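Undergrad: One structure is given below, represented as structure tokens, and several questions about it will come after.
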Amino acid sequence: RGGNPRVGPSPRQYHTNQGLLERSGAVQNTVKHGFCGALVHEITDFGNSQSRRNYENVELQLALTRTMLQFSYSPGNALIMIHSGCLVPLSVALSVPSPEGIVFTALELAWNLLEQAEAAKVLANDSAVCRKFCTAITSQVEALLQGGYSQADKEIRNEFFLVAQMAAVEETTRLNLMETGFLKLAVAVGTSPELPVEHTILKPFTQTKDKEDYECKCLAWAAVKEMCSSQACLDEVVELGFLQALLLYLDPQVSSPAVTKWVHSQRHDLVLQAISILTKMIPNCTDAFMEVQGGAVLCQFLMNPPKQGGEQQQAVLRLLRTASRLDALQTNLGEEGALTVALELFTLPSELPEVVRQDAVAVLSNLCRDHEANQKIFRQERGLSALKGALVALRSADHTLPSAYGVAVLECLWNAVVGSRRNLARFLASHGLDALSDVLEVCNPYLYPVILSIMADIAENDKSHEFFHEWKSSQSGQLLAHMVLGLWRAEEKARGMLHQDGTLANPARPLAGILPQREEWIPSLDIAYTFQAPKKKNVMTRMAEVVNGDAIVRKIYAVFNKLGFENFTYLDYADLSTLATIENFVKFRQGEVWQDISADFLTEDFRPTAADRQRLASGIQKSETLARNVVYKQSLNHAALTQQHDKTNADFYGKTMQLAKDEADSKVYKRSMATLTMKERLEAKLKREQMLKLSFKDEMTKENFKSIGLDMDEMKTAEEMELTMWREQGLPSRGSLVPSSRGSPAYTPA
């Protein structure tokens, strides 16, 4: 249809033919009788003039080599060739400078064979062949570096570096490549012209910006990286200055043309490759890394990343994370400012990817692990407030799946804060424990063991106990003890540990429960998102393997044990019943261990000694007795709880009935008591008069009355007699009846 016609058989026919060759034994016979027989001798004598004039032999050599190449494209045939001894003539073929293409074809054949994992092992096991193979590669690379200027020569040179890298996966091959001088050639290519060192094996101006020379540098770096798996090779690489050359590509202040000559895409790839090599080298050459001030270079790169260098920044941060795990580099990186840089990246706004903040907080955690000086720097650089802010942010995060970033933050809290008394005191004073408890209330269950472990370590400080008892949830109003007890009850329900009355269901094995199969209350990680990235899925799988109910109940026991079981007097009877089970968790576990040992003895038909049998029986009996005591306490608590509920219900119903009665009475009409009868009015008047009589003195004395012809005593006697008469008749006094406007008598006060 206008395109080039296809050459060769169809893919289906190709695989069919390869399968037929594999089953027929033709590959094995060709290798043994052709390639390993006559061809070895022909190529061995290829350097003399008589062989050079024998073009028929040249054609035969090319034909056999190309036939082996076609065989090697099939993995099954490649394995047959490896075990048939194909590597022996291949080593000889690689050592011959052949312009006719034998070396080029042999390189591709070696590439195909080394892609099989067994090829490198077979090569390393035969010391003579391995030595010849490495010598051939070294001699060819050296010749091509000194005189290979054409494009074809550079392509063959690059393929030799690639084949050497593939063969260097074995220790024996690496040592042979170092002894034959290949390692020095690779380091010379990798450090020239970055380092001001004159190499006699390299011609001037051979390392250009051309595609082939760029590939050569990348392949040389890759070969050196593979060979650095051997400590002897690594020591020689460091001595030759390879570490300094790599750090030049990470130095933001470098101005050497050897580094800046590359185009943006090439330099970007070289930086990433340099970071990858340093990640492998640094753990085994920490002293050399400190001598060249590698920590300072990494920090400067993170502070001044290149434009559009987000990928490079993440890679350098991962490199710093790897270096921070090394105890030998903790002090050096702290002095070089790694803590300050990591804190700045950790506290930057959310436009940075979460993985960057995760690596930054991991660096902080690694540097502060059991290192008092770095913990002090963390405190002085306001790391405590940054860590508390991260905990507050975690509360509002999505907890459908466990967060690797959340785990990193909690690990930093444990290393940088809990491990330092001063940092812990300031963390508690700034309500840090409240933030941690808030996270525990809403986080994914896979984070429970981590948070509970941190709380148990914090509780080792007696001064922190008050903060545990004071916390109260802003959502549900529950205390921290209630929330932790709720986690224990979830595991109790999953195992069927309790009866309906709240007592242990299986006193023989209290922690095992009575359910035939444990119910999973921790949600599966496959529920939320079925399709996950492989890397993220691996992280989730590792977390799921270590988080289970046993891990959670152990941490709960540790928290209550550190806080003291006797200090929870504010709990109700139901909580005290649960607390009784937690308090005896270790002893219950010991009893189960004794039972398991006894069961193993019975299964294996092994009879222990009398003393051992007595010890086993004593441990089992002690656990069962303790369980019965716990059941008794729980039954008492259940009875007290029932009585308390009954009293509460009675008080509630009494108040309800009184309220109903008051409401009913308020709806009935009652006569007003404001209107009084005549008798009641008379009595009130007499009382008032008596009061006035005792309260005031007469202004006129008896002498004054006599002067006007009146006797005061007679007047009082007559008035008393009149009042007595009116009182006996039930009538008002004479002076109290006054005609009203309507002609009827009306009452007026005297």
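The values are calculated or read from the model by the stated rules, or taken from the named source; none is laboratory data. These numbers were taken from a predicted model, which means no experiment stands behind them. In this analysis, Cβ positions are derived from the backbone assuming ideal geometry, glycine residues included, and neighbour counts consider all displayed protein chains. Heavy atoms of the whole protein, side chains included, go into the accessibility calculation; ligands, DNA and RNA do not. Shrake-Rupley method; radii C 1.70, N 1.55, O 1.52, S 1.80 Å.
Undergrad: Tell me which residues, restricted to region 111-132, are part of a helix (DSSP H, G or I), within 14 Å of MET81 (Cβ to Cβ) and not aliphatic (A, V, I, L, M).
TA: Residues satisfying the conditions are TRP111, ASN112, GLU118.
Residue-wise test of (1) closer than 20 Å to GLU335 by Cα; (2) of a type in the set (Ser, Thr, Tyr); (3) free of Cβ contacts under 8 Å to residues at least 60 places away in the same chain; (4) surrounded by 17 or more Cβ atoms within 10 Å (Cβ to Cβ).
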| site | (1), (2), (3), (4) |
| --- | --- |
| VAL254 | no, no, yes, no |
| VAL263 | no, no, yes, no |
| VAL271 | no, no, yes, yes |
| ILE277 | no, no, yes, yes |
| LYS280 | no, no, yes, no |
| PRO283 | yes, no, yes, no |
| ASP287 | yes, no, yes, no |
| GLY294 | yes, no, yes, yes |
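Undergrad: In a helix (DSSP H, G or I) and at pLDDT below 90: which single residue out of ALA512, ALA494 fits that description?
TA: Criteria check complete, one pass: ALA494.
Undergrad: Pull up region 562-583, narrow it to residues that are without any contact (Cβ under 8 Å) to a residue 60 or more places away in the chain and not aliphatic (A, V, I, L, M), then point me to the one that is nearest to ARG613 (Cα to Cα).
TA: Out of the qualifying residues, it is GLU583.
Undergrad: Please state which of the following conditions SER385 fails to meet, knowing it meets all the rest: (1) open to solvent by 10 Å² or more (accessible area, probe 1.4 Å); (2) among the small types (Gly, Ala, Ser); (3) within 17 Å of the chain's Cα centre (by Cα).
TA: That leaves (3) as the condition not met.
Undergrad: Let me ask something else. Take VAL341 and decide whether it is hydrophobic (A, V, I, L, M, F, W, C), part of a helix (DSSP H, G or I), touching a residue at least 40 places away in the same chain (Cβ under 8 Å) and surrounded by fewer than 16 Cβ atoms within 10 Å (Cβ to Cβ).
TA: no
Undergrad: Could you tell me whether any residue of region 470-480 is assigned to a helix (DSSP H, G or I), more than 23 Å from the chain's Cα centre (by Cα) and modelled with pLDDT of 90 or more?
TA: Yes, because at least one residue in region 470-480 is assigned to a helix (DSSP H, G or I), more than 23 Å from the chain's Cα centre (by Cα) and modelled with pLDDT of 90 or more.
Undergrad: What residue, of ASP153, ASP126, is over 25 Å from ALA258 (Cα atoms) and free of Cβ contacts under 8 Å to residues at least 40 places away in the same chain?
TA: Step by step, each of ASP153, ASP126 is checked, and only ASP126 is over 25 Å from ALA258 (Cα atoms) and free of Cβ contacts under 8 Å to residues at least 40 places away in the same chain.
Conditions (1) within 30 Å of ALA505 (Cβ to Cβ); (2) at pLDDT below 80; (3) in a loop (DSSP other than H, G, I, E, B), marked per residue:
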residue: GLN634; (1), (2), (3): yes, no, no
residue: LYS647; (1), (2), (3): yes, no, no
residue: PHE652; (1), (2), (3): no, no, no
residue: ASP662; (1), (2), (3): no, no, no
residue: MET691; (1), (2), (3): no, yes, no
residue: GLU703; (1), (2), (3): no, yes, no
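Undergrad: Kindly indicate which of GLU198, GLU194, GLU226 is among the acidic types (Asp, Glu), surrounded by 18 or more Cβ atoms within 10 Å (Cβ to Cβ) and either in a helix (DSSP H, G or I) or free of Cβ contacts under 8 Å to residues at least 40 places away in the same chain (or both).
TA: GLU226
Undergrad: Which members of region 341-354 meet the condition of being of a type in the set (A, V, I, L, M) and farther than 16 Å from ALA393 by Cβ?
TA: Result: VAL341, ALA342.
Undergrad: Is region 572-594 home to any residue that is of a type in the set (A, V, I, L, M), in contact with a Ser or Thr (Cβ under 9 Å, 6 or more places away or on another chain) and within 27 Å of HIS465 (Cβ to Cβ)?
TA: No, region 572-594 contains no residue that is of a type in the set (A, V, I, L, M), in contact with a Ser or Thr (Cβ under 9 Å, 6 or more places away or on another chain) and within 27 Å of HIS465 (Cβ to Cβ).
Undergrad: Taking only region 416-442 into account, find how many residues are open to solvent by less than 10 Å² (accessible area, probe 1.4 Å), touching a residue at least 40 places away in the same chain (Cβ under 8 Å) and over 17 Å from GLU466 (Cβ atoms).
TA: Residues in region 416-442 being open to solvent by less than 10 Å² (accessible area, probe 1.4 Å), touching a residue at least 40 places away in the same chain (Cβ under 8 Å) and over 17 Å from GLU466 (Cβ atoms): 4 in total.
Undergrad: Restricting attention to region 439-448, does a residue exist that is within 17 Å of the chain's Cα centre (by Cα) and closer than 18 Å to SER385 by Cβ?
TA: Taking every residue of region 439-448 in turn, at least one turns out to be within 17 Å of the chain's Cα centre (by Cα) and closer than 18 Å to SER385 by Cβ.
Undergrad: Please tell me if GLU460 is more than 18 Å from VAL361 (Cα to Cα) and either open to solvent by less than 10 Å² (accessible area, probe 1.4 Å) or in a helix (DSSP H, G or I) (or both).
TA: Against the criterion (more than 18 Å from VAL361 (Cα to Cα) and either open to solvent by less than 10 Å² (accessible area, probe 1.4 Å) or in a helix (DSSP H, G or I) (or both)), GLU460 does not qualify.
Undergrad: Look through LEU234, LEU246 and report the one residue that is over 21 Å from GLU170 (Cβ atoms), out of contact with any Pro (no Cβ under 9 Å at 6 or more places or on another chain) and surrounded by 17 or more Cβ atoms within 10 Å (Cβ to Cβ).
TA: Within the list LEU234, LEU246, the selection yields LEU246.
Undergrad: Which ones in region 303-327 are of a type in the set (A, V, I, L, M) and open to solvent by 60 Å² or more (accessible area, probe 1.4 Å)?
TA: The one that is of a type in the set (A, V, I, L, M) and open to solvent by 60 Å² or more (accessible area, probe 1.4 Å): MET303.
Undergrad: Then there's this: If you take the residues of region 549-588 that are under 27 Å from the mean Cα position of the chain (by Cα) and modelled with pLDDT under 90, which of them is surrounded by the fewest Cβ atoms within 10 Å (Cβ to Cβ)?
TA: ASP550
Undergrad: Let me ask something additional. Given the structure, is ALA78 at pLDDT below 85, out of contact with any Lys or Arg (no Cβ under 9 Å at 6 or more places or on another chain) and crowded, with 19+ Cβ neighbours inside 10 Å?
TA: No: the conditions fail for ALA78.
Undergrad: Please tell me if VAL237 is touching a residue at least 12 places away in the same chain (Cβ under 8 Å) and over 34 Å from the mean Cα position of the chain (by Cα).
TA: yes
Undergrad: Which of the residues that make up region 148-191 are open to solvent by 10 Å² or more (accessible area, probe 1.4 Å), under 10 Å from CYS134 (Cα atoms) and part of a helix (DSSP H, G or I)?
TA: Hits for region 148-191 are ARG174, LEU175, ASN176, MET178, GLU179.
Undergrad: Among the residues of region 585-615, write down those that are part of a helix (DSSP H, G or I) and of a type in the set (S, T, N, Q).
TA: Across region 585-615, the qualifying residues are GLN590, GLN595, SER598, THR603, GLN614.
Undergrad: Just to be sure, is GLU372 out of contact with any helix residue (DSSP H, G or I) (no Cβ under 9 Å at 6 or more places or on another chain) and either under 24 Å from MET455 (Cα atoms) or crowded, with 17+ Cβ neighbours inside 10 Å (or both)?
TA: The answer is yes for GLU372.
Undergrad: For region 547-560, name all the residues that are over 14 Å from ARG589 (Cα atoms) and either without any contact (Cβ under 8 Å) to a residue 40 or more places away in the chain or outside any helix (DSSP H, G or I) (or both).
TA: Passing the criteria: VAL547, ASN548.
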